[in-house]
Structure formats: C-alpha cells, structure tokens
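Encoded as structure tokens, the structure appears first; notes follow it.
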Amino acid sequence: MSEDFSLIIHGGAGALEQIKREGNETDFVKSIHGILEGGRDILSAGGSALDAVEHCAIQLEDDPLYNAGRGSVLNEYGEVEMDAAIMDGQTFQAGAVAGLTAIKNPTLLARKVLEKSEHVMLIGKGAREFAKFCGLPRMSNDYFVVDSRIRQWREAQKVGRMMLDHEAAKPSQKLGTIGAVARDCAGNLAAATSTGGIVNKRWGRVGDSPIVGAGVFADNETCAVSATGYGEQFQRTVLCKMIADFVYFQNMDAQAAALAGIDYLVKKVQGLGGVIVIDRNGKCAVGHSTSGLIYGWIEHGGESLCKLA
Ligand code: GLY
C-alpha cells in the first residue's frame, strides 16, 4: 500500500450562515469525512484517480444534502435536470451529460460516455437512451425531489427569479454543485463535477459543470480542477482551464493557481463561486470568491481535513 495520493471533494460554495443557522453543520462534516475516507480506501489500495473521483461524486449525488443527484434543485417547472462530467488527466478523455432526468447517478453515466462512446457529451433523451443501453438505474422524479428543494423553489417562484442552491430570496448564498479531484499513487490526475444547476433555472439551461474547461478539467502535466458557482460566469471565463494554464505557463502550484483563477473570475465577470485544485505534485488548494466553501481534503495520504469555511 502506498500513501502518496491526494483527494479533495467539495459540496458547494456560498454564504453558509443558513446551514449554521439550521444547525446541520455536523451533517455536512460527517458526510464529507465519510466520503473522503471512502476515497482514501480506493487510492491507498492503488486504485486510480478516475475511480476515486467517480466514487466520491456518486456518494455526494446520493446524499440529499447536496445539489446533485438526489436533492438537486428544481427548474422553472419544478423538475430536476442534472449535468455532470468526469475527466481523466492521463488520457485527456472526458465524458459529460447534460439536461439529464431520471438517471440516479449522472457521474456514472458520464463515466460510461467516456468509456463506451466515441463522444464527449450526451444530452437529454439521447443521454437517457444511452443510460438504458448501459443498464444504469432509473428513478422516478420523487426520488430526486426533496422537501427543502420544494420550499426553495417556491421561494424563487414567488420572487420570480433564478437562484443558486440554498440561496434564499434574501442575499445569503450557497452555490451548490459537488465535485472531486484526485491524484493517485501513480501520479495520475482526475476530476468530476455534478450538479442540479441553479434554482428555478430555465428548462434546458446547461451550466458549467458538464463543460470541459469551464466546470471541470484534468491534465497530468498541470492539475485537476472542479468548480462550483454561477455556471454562466465559469463558462464565459473557461475557469478550470484557465487555472490549468496558470500552472502550465507560469509554473504556479495549486494554491497560487487557485487564487489567480478566482482573481481572474472576479476581475473579468465579478464571478461568484469556488474551485478545488490538486496539482501534479499532489498539493491541495481551494479558492473562492464567496464567503464560504464546503470541502475536505487528504493531502499526500495524511489526515483528512473537513471545512465549512
Ligand atoms: N455551477 C453549477 C451551475 O451553474 O449549473
């Protein structure tokens, strides 16, 4: 067993007062800790970064605390439409799905797109048909829709606007989406991002999460990145690739590149969100322009750290 692996997961960025007010901080810490330890089991046994990020993203999708899979936010018609992507930094292969309904784990389907199709992205009905071909489980709408999301959606409908996950009609914001990045013992990097998008979004809206370079990116030569925040801002700045370019062209480490990326996001589009980054040397870093980010990491096989910061 080797211990030279690193792993970071996130459960969304934003102002976390609401979580603190509702007193479910410990639920998040427990969840992040458990998921990180599951990732540790894979990586310390010599498993691949790709397997580890897939595993962690699926666990986050299954936990209704987060805006991905079960617990996703609702669109303008009160329905769940999900986006996800996964990228292998060793091969530069990627798989993505968008506007997805009914499929329990969008990240699992994204991995199938990566492995079993000649494409990078499948959407809507075509993605569902491919999921059937791959034998993936389908769930009814009731599985995905949880009460807290219905309340949040009603609030957004009342004020007639789109909102980020957990954002109240008041200014508090938690920009949900989940993600995982890893570097395995062989030095390979991978990243995954999955989301229900933003509350009360237009039917058919696709955010940054399934778009390679915008909401997810991995390249063994530079770093692995997963983003959370207003998707349109990450799309317009191609932020995850921008962070990798800081490593590639300016030889920055994970911390410097994450901060430079967030500076760029703010400077160019006054962007709101966060990123998790592991560089080619296994250094872990986060950056966010929101007041908080829910995340946890294991750096070089050390103790796990969980933060709602
Ligand atoms: N970052 C998630 C979204 O905007 O859809």
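Pick out, in residue order, every one of the GluC sites (Glu not before Pro) in the stretch 20-103 that is DSSP loop and has at most 13 other C-beta atoms within 10 Å; say none if there are none.
Loop-located and lightly packed - none at all.
Amide H of HIS300: which non-local residues (sequence gap of 5 or more, or other chain) have their own amide H closer than 5 Å, using H built in the peptide plane?
Hits under the 5 Å cutoff: PHE5, SER6, LEU7.
Full-extension gain between LYS30 and ASN251, please, as 0.36 nm times their residue separation minus the C-alpha to C-alpha distance.
Length gained, LYS30 through ASN251: 76.0 nm.
So, with +1 on the Cβ of K and R and -1 on the Cβ of D and E, and no other charges, what is the size of the charge dipole of the chain about its Cα centre, to the nearest 20 debye?
Charge dipole, the chain, about its Cα centre: 1080 debye, nearest 20.
SER291's amide H: which non-local residues (gap 5+, or another chain) put their own amide H closer than 5 Å, with H modeled 1.01 Å from N in plane and none for Pro or chain starts?
GLY14, ALA15
List the residues, sorted by chain then number, that are 5 or more residues from MET252 or on another chain and whose placed amide H is less than 5 Å from its amide H.
Result for MET252 returns VAL247.
Charges on Cβ only, +1 for Lys and Arg, -1 for Asp and Glu, centred on the Cα centroid of the chain; of VAL159, GLY273, THR26, which one is farthest towards the dipole's positive end?
In the chain, that residue is VAL159.
Give me a comma-separated list of calculated 3J(HN,Hα) values for the stretch 181-198, in order, Karplus coefficients 6.51, -1.76, 1.60 applied at θ = phi - 60°, integers in Hz, x for any Gly or Pro.
Ordered by residue, 3J(HN,Hα) equals 9, 8, 10, 8, 5, 8, x, 8, 10, 8, 9, 9, 9, 8, 7, x, x, 10 Hz.
Viscosity 0.890 mPa s, temperature 25 °C: give me the Stokes-Einstein translational D for the chain in µm²/s, with Rh taken as the Kirkwood radius over C-alpha pairs.
Estimated diffusion coefficient is 133 µm²/s.
Between SER291, SER148, SER226, where does the largest GNM mean-square fluctuation fall for the chain, given springs only between Cα atoms within less than 10 Å?
Looking only at SER291, SER148, SER226, the largest GNM fluctuation is found for SER148.
Can you tell me which of CYS185, CYS56, CYS240 moves the most in a GNM of the chain? Springs connect C-alpha atoms under 10 Å apart.
CYS185
With every atom except the alpha carbons ignored, what do you get for Rg and Dmax of the stretch 268-309, in angstroms?
Rg, Dmax (Cα atoms, Å): 11.9, 36.
Rounded, prolate or oblate: pick one for the stretch 30-131, where a ≥ b ≥ c are the square roots of the eigenvalues of its C-alpha gyration tensor, a/c under 1.5 means rounded, and failing that, prolate if a/b is larger than b/c, else oblate.
oblate
State which entries of LYS112/LYS241; LYS112/LYS132; LYS30/LYS307; LYS267/LYS307; LYS104/LYS125; LYS104/LYS241 exceed 18 angstrom in Cα-Cα distance in the structure shown.
Violating the 18 Å limit, Cα to Cα: LYS112/LYS241; LYS267/LYS307; LYS104/LYS241.
Got a sec to turn the phi values of the stretch 108-120 into Karplus ³J(HN,Hα) couplings, 6.51 cos²θ - 1.76 cosθ + 1.60 with θ = phi - 60°, whole Hz, x for Gly and Pro?
5, 5, 4, 5, 5, 4, 4, 8, 10, 10, 8, 10, 9
Through the Karplus equation 6.51 cos²θ - 1.76 cosθ + 1.60, θ set to phi - 60°, convert the phi angles of the stretch 274-281 into ³J(HN,Hα) values in whole Hz; use x for Gly and Pro.
Once θ is set to phi - 60°, the couplings for the stretch 274-281 become x, 9, 10, 9, 10, 8, 4, 8 Hz.
Computed from the coordinates by the stated procedures, all read-outs in this text should not be read as laboratory data. All figures in this text were calculated on a predicted structure; none of them were measured in a lab. When we count neighbours, we look across all protein chains shown, and the Cβ atoms used for this are built from the backbone with ideal geometry, even at glycine.
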